[in-house]
Amino acid sequence: MKLGLSLFATLGLLIGFLWLAGGRQNPAAPSLNRHGASNATSLAASGQSADKTAAATQFAPNFNLKNLDGQNVTLAQYRDQKPVILDFWASWCPNCRRDMPRLNSWYQKYQNQVEIIGVNLQENESTVRDFISRQGINFPIVLDPAGRASQSYGVRYTNYHVLIDKSGQLVKTVPGDLGEDDLISLLDA
């Protein structure tokens, strides 16, 4: 019993240390605070608009990932077309399983105004296909098998959302569940 408790405590400390250390950050990635929010999130929370503060302007890192049809999808292809919401998810994540049907309904409601892209975090294609099929998800899904896109956005956990305006600027990050008000605020940005 005593050995189990000390092993558990040691493991907890190791996980905490690794989370705080975070590894080396990609200089092109949005800077994140200890809560997983980007500097754009802090700016938005202060009531300031990201486009009004030149120092806070930050373009979202581009990516080139394959969708489930094997076609390349880049973030750049949406620039000057419409805003984008990136949803970093995995099929084993209970919060993702709860959140994705809500995102799907918003996609159907707002698809002419905003693009929602699900970025799967390193699962194999057959697992992703099975999950998407069972859940009836219609918004675009891309595969990030090497974790490059998630790393460039500083993603450290699942159910993490990145909101990008029409010009390609990072507006806000939302760790956890996204609200429809977040989507609407992106349309107004």
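Quick rundown of the values:
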read-out: Using θ = phi - 60° and Karplus 6.51 cos²θ - 1.76 cosθ + 1.60, couplings along the range 130-135 (whole Hz; Gly, Pro as x); value: 4, 4, 4, 5, 5, 7
read-out: Inter-label distance, nm, simple model (7 Å from Cα along the C-beta direction), Glu125/Asp177; value: 3.4
read-out: For Gln58, residues with placed amide H under 5 Å, excluding near neighbours; value: Leu170
read-out: Sorted by Cβ neighbour density within 10 Å, fewest at the top, the residues Trp92, Trp106; value: Trp92, Trp106
read-out: FRET efficiency, Trp92 to Ser185 (Cβ-Cβ, R0 41 Å, nearest 0.05); value: 0.85
read-out: Around Gly118: net Lys/Arg minus Asp/Glu count, Cβ-Cβ under 15 Å; value: -3
read-out: For Ile116, residues with placed amide H under 5 Å, excluding near neighbours; value: Ile85
read-out: Karplus (6.51, -1.76, 1.60) ³J(HN,Hα), θ = phi - 60°, over the range 141-150, in Hz, Gly and Pro reported as x; value: 10, 10, 9, 10, x, 9, x, 5, 5, 4
read-out: Taking Arg98, Arg79 and counting other C-beta atoms within 10 Å, the order from fewest to most; value: Arg98, Arg79
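Values in this text are rule-based calculations from the coordinates and carry no lab data. Computed from a predicted structure; not experimentally measured. Virtual Cβ from ideal backbone geometry, glycine too; neighbours counted across all protein chains shown.
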